[in-house]
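Each remark here refers to the structure printed beneath this line.
The values are calculated or read from the model by the stated rules, or taken from the named source; none is laboratory data. Just so it is clear, the structure is predicted and the values come from calculations on it, not from any experiment. Here the Cβ positions follow ideal geometry from the backbone for every residue, glycine too, while neighbour counts run over all protein chains shown. Only protein heavy atoms, including side chains, enter the accessible area calculation; ligands, DNA and RNA are left aside. Shrake-Rupley method; radii C 1.70, N 1.55, O 1.52, S 1.80 Å.
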Amino acid sequence: MKSFNMGLNKSVLLLFTLLFSVSFISAQKTYTSFKLGDIWEDTEGVHINAHGGGMTIVGDTYYWFGEHKVAGGHGNQAWVGVGVYSSKDLYNWKNEGVALAVKKDPASLLIAGSVIERPKVIYNKKTNKYVMWFHHELKGQGYDAALTGVAVSNHVTGPYEYLNSFRIHANVWPQNFTESQKEHARKMSKEKLKWGEGSGHGVYFLRDFEVGQMSRDMTLFKDDDNTAYHITASEENGTLIISKLADDYLSLSNEYIRVFPGGNNEAPAIFKQKGKYYMITSGLTGWDPNPARSAVANEMLGTWESLGNPVRGTEAEKKTTFRSQSTYVFPVIGKKNAFVFMADRWNPSNAIDGRYLWLPIEFENNKPIIKWFPEWDLNFFKLKTKN
Ligand code: GAL
């Protein structure tokens with residue numbers, strides 16, 4: 001009788017284990033499209049945690065890097081680091097773990113509780129290394145430090161070795177700041193300007209000349225000839241700075257320009273189509289959405305021309321960029337002129353619950369435009385080339 005009972009107990013246990021695993025497996029979704037605004041689960045059924053993301057393509061695989069957020073209001077600080085996911089189809093993402101981990105050592109600038117935002121990774125052909133740059137704010141200092149940080153790895157998924165965080169271009173003049181503009185900036189720095197006006201006049205630029213320029217929302221762009229650029233919101237977020245990276249991508253070269261002085265752009269995302277460089281940015285309203293902007297240039301360090309709001313849709317959609325903010329634009333492997341706009345729908349009071357909005361980029365009168373599709377898939381691009 002006793003052995004019969006034990007046998008029965010074992011079979012019940014087995015049955016439960018079986019049922020549990022079956023229900024667990026069936027809970028995992030296989031996606032065949034992008035569904036916007038929904039929870040987007042990874043291959044283990046967990047909401048993807050890669051905010052302010054960027055995309056790195058290696059062979060036939062996409063690697064999505066992003067801010068690992070935690071639940072609650074302090075979730076916008078970095079308690080884990082930068083996460084990375086991989087996918088071959090762009091719909092289904094495998095969690096590859098923590099690419100860059102925060103430090104326990106209080107002597108490290110990368111200590112847990114600092115702010116790590118908008119990580120981007122590019123591959124350096126010469127050194128055979130992956131280089132990550134990110135917006136870095138120091139623990140307990142809000143957004144005052146305004147640094148850019150660098151880390152490096154031999155493997156795309158990491159672990160990345162943290163190198164340093166710093167202000168940019170201390171004591172170096174940009175290529176496009178003329179003597180008369182400098183003179184004007186010097187004059188204006190003595191005037192009583194309203195908050196925010198200083199950037200357009202170059203007053204914050206002069207203020208920070210010796211300590212280095214501020215660097216907040218940033219991105220990287222790697223050109224076809226392997227020249228790479230760091231694009232960042234500087235001068236109290238009033239002016240963008242585009243800098244050519246050094247050959248090993250581990251530091252900035254001295255070649256750089258100020259773009260749209262006083263234009264108040266952030267969240268920059270760059271892509272290149274048919275020889276032209278396009279940039280999508282947002283305005284400055286913190287976590288709250290605002291109208292996106294777009295611009296074009298013939299050279300990264302050339303003259304940028306504003307193209308206006310790329311969003312096509314209702315007034316509300318245009319005003320809020322579908323309630324989201326840009327983070328990156330990436331090309332689709334194997335398709336011609338196919339680019340995906342990546343954006344975040346932030347949730348600052350529970351950062352981990354932020355959502356991802358990915359939309360195809362279309363062109364209208366030679367301008368990049370973005371329309372809303374609640375659900376779409378990559379066949380979108382095939383149809384486009386047929387037209
Ligand atoms: C946004 C920015 C985010 C984050 C946030 C903090 O404007 O794009 O990356 O820095 O401000 O308020």
(request) Can you tell me how much longer the chain between ASN379 and GLN175 gets when fully stretched, taken as 0.36 nm per residue apart minus their C-alpha distance, in nm with one decimal? (result) 69.1 nm
(message) Place a point 7 Å from the Cα of HIS47 along the Cα-to-Cβ direction; which residues of region 71-103 have their backbone N under 14 Å from it?
(response) 71-76
(request) Would you mind working out the magnitude of the charge dipole of the chain relative to its Cα centre, with +1 at each Lys and Arg C-beta and -1 at each Asp and Glu C-beta, to the nearest 20 Debye? (result) 580
(message) In whole Hz and in residue order, list the ³J(HN,Hα) couplings for region 45-57 that follow from phi through the Karplus curve 6.51 cos²θ - 1.76 cosθ + 1.60, θ = phi - 60°; x for Gly and Pro.
(response) x, 9, 3, 4, 10, 8, 7, x, x, x, 10, 10, 9
(request) Would you mind checking which residues have amide H under 5 Å from TRP79's amide H? H placed 1.01 Å from N; only 5 or more apart, or other chain. (result) GLY113
(request) Using θ = phi - 60° and the Karplus relation 6.51 cos²θ - 1.76 cosθ + 1.60, list the HN-Hα couplings for region 271-283 in order, rounded to whole Hz, with x at every Gly or Pro. (result) 8, 10, 9, 6, x, 10, 9, 10, 10, 10, 9, 10, x
(message) What are the ³J(HN,Hα) couplings of region 300-307, residue after residue, when phi is run through the Karplus curve with 6.51, -1.76, 1.60 and θ = phi - 60°? Round to Hz, x for glycine and proline.
(response) 4, 9, x, 9, 9, 10, 6, 10
(message) Starting from 0.36 nm per residue, how many nanometres of slack lie between LYS371 and TRP79 once their C-alpha separation is accounted for?
(response) 101.6 nm
(request) Mind checking the full-extension length gain between ASN347 and GLN141? Use 0.36 nm per residue of separation minus the Cα-Cα distance, one decimal, nm. (result) 72.0 nm
(request) Report the antiparallel proportion of the DSSP beta bridges in region 48-386 as a percent, rounded to a multiple of 5. (result) 95
(message) Could you report the accessible area of THR56 in Å², rounded to 10, computed with a 1.4 Å probe on the protein chains as they sit in the structure?
(response) 10
(request) Answer with one residue from ALA151, TRP287, PHE339: the one whose Cα lies farthest towards the positive end of the charge dipole of the chain, charges on Cβ with Lys, Arg +1 and Asp, Glu -1. (result) PHE339
(message) For region 248-300, take the convex hull of the Cα atoms, compute a quarter of its surface area, and give me that in nm², please.
(response) 5.2
(request) Name the residue farthest towards the positive end of the dipole of the chain from the options ALA50, GLY263, PHE380, assuming +1 on Cβ of Lys and Arg, -1 on Cβ of Asp and Glu, about the Cα centre. (result) PHE380
(request) Can you give me the P(r) profile for region 48-386? Cα pairs, bins 20 angstrom wide beginning at 0, each as a whole percent. (result) 32, 61, 7
(message) Suppose each label sits 7 Å from its Cα in the direction of the beta carbon; what would the GLU317-LYS126 distance come out to in nanometres?
(response) 4.5
